[in-house]
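The values are calculated or read from the model by the stated rules, or taken from the named source; none is laboratory data. Predicted model only: the values in this text are computed from it and were never measured. We place every Cβ from the backbone using ideal geometry, glycine too, and count neighbours over all the protein chains shown. What goes into the accessible areas is simple: the full protein's heavy atoms, side chains included, and nothing from ligands, DNA or RNA. Shrake-Rupley method; radii C 1.70, N 1.55, O 1.52, S 1.80 Å.
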Amino acid sequence: MDQLTSMRVFVRVVDLAGFASAARTLDLSTAMVSKHVASLERRLGVPLLARTTRRVVPTEAGQRFHAHCAEILRAVDEAEQEVGTQAREPIG
């Protein structure tokens, strides 16, 4: 799975406190959202979320990872926006 996409999915799950709500806003199935999070957890070797039937909350590692992911994703979005703006400006 694409790591950047998985990071975006994870951030959305934490921000919305649930797989189903994240799936709706990302236009993905709940199963695909779960696969993205599971892929990150396997890659990192730690649980990122504590799941119950009623709640999803980040673990301590999940909180730290969320903060890093949010920062990385902001930087990626800014870089894409900056380059995209330059490409639309006339040169010469």
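To test your reading of the geometry: what angle, between 0 and 90 degrees and rounded to tens, separates the Cα axis of helix 30-44 from the longest principal axis of the chain?
Compared with the principal axis, the helix lies near 90 degrees.
Mean projection of the alpha-carbon convex hull of the stretch 28-88 over all orientations, in nm²?
5.6 nm²
Which angle from 0 to 90°, rounded to the nearest 10, does the C-alpha axis of helix 60-88 make with the longest principal axis of the chain?
It works out to around 20 degrees.
Could you check the simple spin-label distance between residue 54 and residue 74, using points 7 Å along Cα→Cβ, in nm with one decimal?
3.3 nm
I'd like to check one number: the per residue accessible area of the stretch 12-92, probe 1.4 Å, reported in Å² as a whole number.
Accessible surface, normalised per residue, equals 71 Å².
Could you give the longest part of the chain that holds none of the trypsin sites (Lys or Arg not before Pro) found in DSSP loops with at most 14 neighbouring Cβ atoms within 10 Å? Before the final figure, lay out each step's value.
On the way: sites that count: 54, 55.
Free of exposed loop sites, the longest segment is 1-53.
Ignoring any ligand, DNA or RNA, what whole percent of the accessible area of the chain comes from carbon and sulfur when the probe is 1.4 angstrom?
53 percent
Compute the long axis of helix 3-16 from its Cα atoms, compare it with the longest principal axis of the Cα atoms of the chain, and write down the angle in degrees, 0 to 90, nearest 10.
Orientation of helix 3-16: about 60 degrees from the principal axis.
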